[in-house]
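This report concerns only the one structure given below.
The values are calculated or read from the model by the stated rules, or taken from the named source; none is laboratory data. Just so it is clear, the model here is predicted, and its values are computed rather than measured. FYI the Cβ positions are ideal-geometry reconstructions off the backbone, even for glycines, and counts take in every protein chain you see. Surface areas here come from the heavy atoms of the whole protein model, side chains and all, with no ligands, DNA or RNA. Shrake-Rupley method; radii C 1.70, N 1.55, O 1.52, S 1.80 Å.
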Amino acid sequence: MTELGKRLREAREEKNMSLDELQEMTKIQKRYLIGIEEGNYAIMPGNFYVRAFIRQYAEAVGLDPDELFEQYKQDIPQSYQDDIPQTLSRVKTRQQLSAEGAKWLDWLPKVIVAAVVIGAAVLVWVLLQHGAANEPPTKTSPKTAEVEKPKHSPLEQAKQKQSAKETDEKATNENGQQNEQPAPTGEEEQPAAAMNVTEKRGNTATIEVASSGAFSIELSSKGTSWVEVYNTKGHTFYRGNLTSGQTKTFDLSAESEVWVKIGRTLDVDMKVNGQPFAYPFAPKEEVYQKLHFVLKK
């Protein structure tokens, strides 16, 4: 086992994370994860994948991959050797361009010039049409314009409005009715839930939630993260990757205990009863967190 593999395995064990859980988070096959910890890079598809897998492993357990590459560079193979055959292949492909392709490249500047000329002509035509449409209309003689006289003077109109207002107020008083504001038709906001973290152990936290009955959780992803939501009765509400821009909402009012596991808390925002939820552990320090919600109604 290399020093790098030992460092990665210790970081994983400190977070109480199994190889199976790490495989679910990183989507890297378990045998490759074991190869990284044991320093057995021969089973990898290539040096490029070795470096990529080490970077994903480090991020999942909360380590800085750039710092690891610098500190253990003697244990990590360089990837430039894998790029040499690809570079030679690209050079060879360019040398095999056919004569017809070269002729097409000669015609390309002429085609671009023709397209620019046609586009300019179309633009001029559109501007001319727009200018014609915006010409001011012909002025009419003031003698032919008719001015409609108001049927009532402003004073008479004010008196009529005041009389109508008094009539309405009198009718309202006689019937014993009062003007009331219409009831809002929108959905009522969920009552805020009082939350208290009662226990922290490793990357696992227990949170007591005091609510009047309504209990919902909303998860919104800014990247890609593994998410699990299930109760203690064996029912799973969701289990899979939450992709960028995706939001999931769960009504858990009928539950007494709920588990929420988030593989990458840096990319997932959580709300409880519509209110932003602050993770018990700083996401930069504990990327993978297990949250045990206990509902106290």
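Annotation note: Cβ proximity below 9 Å between a residue of segment 25-36 that is within 12 Å of Gln56 (Cβ to Cβ) and a residue that is open to solvent by 10 Å² or more (accessible area, probe 1.4 Å) and among the acidic types (Asp, Glu) (sequence gap 6+ or interchain) occurs for Thr26/Glu59.
How many residues are at positive phi and open to solvent by less than 60 Å² (accessible area, probe 1.4 Å) when one looks only at segment 233-243?
Of the residues in segment 233-243, the ones at positive phi are 234, 240.
Checking which are open to solvent by less than 60 Å² (accessible area, probe 1.4 Å) leaves us with 240.
Residues in segment 233-243 being at positive phi and open to solvent by less than 60 Å² (accessible area, probe 1.4 Å): 1 in total.
It is to be established whether one or more residues within segment 244-261 are of a type in the set (Lys, Arg), in a loop (DSSP other than H, G, I, E, B) and either buried (at least 21 other Cβ atoms within 10 Å of the Cβ) or over 16 Å from the mean Cα position of the chain (by Cα) (or both). Within segment 244-261 (the criterion being of a type in the set (Lys, Arg), in a loop (DSSP other than H, G, I, E, B) and either buried (at least 21 other Cβ atoms within 10 Å of the Cβ) or over 16 Å from the mean Cα position of the chain (by Cα) (or both)), the answer is no, since none of the residues qualifies.
Looking only at residues in segment 200-216 that are free of Cβ contacts under 8 Å to residues at least 60 places away in the same chain and part of a strand (DSSP E or B), the one that is farthest from Gly263 (Cα to Cα) is Ser216.
Here Met25 meets the list (1) in a helix (DSSP H, G or I); (2) surrounded by fewer than 16 Cβ atoms within 10 Å (Cβ to Cβ) almost entirely, failing just condition (2). Scanning segment 272-297 for residues being open to solvent by 20 Å² or more (accessible area, probe 1.4 Å), in a strand (DSSP E or B) and within 29 Å of Gln23 (Cβ to Cβ) gives a total of 2. On inspection, Gly240 fails the criterion of being touching a residue at least 60 places away in the same chain (Cβ under 8 Å) and under 18 Å from the mean Cα position of the chain (by Cα). Based on this model, can you work out whether Leu88 counts as in a helix (DSSP H, G or I) and either at pLDDT 80 or above or acidic (Asp, Glu) (or both)? The answer is no for Leu88.
When segment 44-65 is filtered for residues that are open to solvent by less than 90 Å² (accessible area, probe 1.4 Å), at pLDDT 90 or above and in a helix (DSSP H, G or I), the ones remaining, listed by number, are Val50, Arg51, Ala52, Phe53, Ile54, Arg55, Gln56, Tyr57, Ala58, Glu59, Ala60, Pro65.
Just one of the numbered conditions (1) closer than 29 Å to Asn16 by Cα; (2) at pLDDT 90 or above; (3) surrounded by 16 or more Cβ atoms within 10 Å (Cβ to Cβ); (4) of a type outside the set (A, V, I, L, M, F, W, C) is not true of Tyr230: (2).
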